[in-house]
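Written below as structure tokens is the structure these notes are about.
Nothing in this text is a laboratory measurement; each read-out follows from the coordinates by a stated rule. Predicted model only: the values in this text are computed from it and were never measured. Counting neighbours? That spans all protein chains shown, and the Cβs are built from the backbone with ideal geometry, glycine included.
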């Protein structure tokens with residue numbers, strides 16, 4: 001099992017994320033008015049240990065900041081830029097992911113992590129309207145491209161990170177479109 005302490009702070013399962021990851025095997029399946037758009041992509045995903053915070057003098061969260069930049073292989077243009085935090089509560093084992101994308105959508109997803117040897121699996125979920133793990137979006141997005149659910153699974157084994165992500169959308173008259181992304185990345 002790997003050491004989870006970085007500069008005196010125990011990051012628990014989040015310690016496996018810290019570093020710069022690159023991958024070029026990504027596939028984005030997104031909705032279009034008449035069909036699906038399938039876009040192969042490459043990306044850089046950076047996770048930085050960011051210390052810890054104490055809430056109401058009772059809860060301490062370890063914090064990992066991240067930035068994800070995704071480029072289409074077809075034209076090298078950035079088509080997704082995402083920032084946020086991963087948080088771990090050692091007392092309860094709860095993992096949180098906050099994320100914001102520049103489409104006026106943000107969310108707080110929650111879940112758990114399992115570690116065994118060199119492998120850590122983190123799974124989080126958010127649902128629109130939830131009192132705990134929810135989604136906030138602008139009035140335009142709520143009306144035209146509403147996000148109703150988000151699920152994210154990351155598996156880290158050594159210097160390999162594999163993720164799958166599903167964002168369920170109400171868009172183009174489709175009531176529950178599963179917009180999916182997935183990639184395999186290597187820590188550099």
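Annotations for the structure displayed:
- Gaussian network model of the chain, Cα within-10 Å springs - most flexible of 16, 138, 74: 74
- Considering only 159, 76, 128, the Gaussian network model of the chain with Cα springs below 10 Å gives its largest mean-square fluctuation to 76.
- Note on 172, 85: ascending count of other Cβ atoms within 10 Å places them as 172, 85, the fewest first.
- Listed values (i) 8, 30, 26, 20, 12, 3, 0; (ii) 9, 35, 36, 16, 3, 0; (iii) 10, 39, 38, 13, 0 include one computed from this model; for P(r) over Cα pairs in 10 Å bins from 0, in percent that value carries the label (ii).
- GNM top mover of 112, 100, 92 - the chain, alpha-carbon springs below 10 Å: 92
- Across all directions, the shadow cast by the convex hull of the range 1-75 built on its C-alpha atoms averages 8.1 square nanometres.
- Whole-number percent relative contact order across the range 5-187, with pairs defined as alpha carbons under 8 Å at least 6 apart: 19
- Adding -39500 (n - 2.57) for every DSSP H run of four residues or longer, then dividing by how many residues the chain holds, sets the calculated 222 nm ellipticity at -500 deg cm²/dmol.
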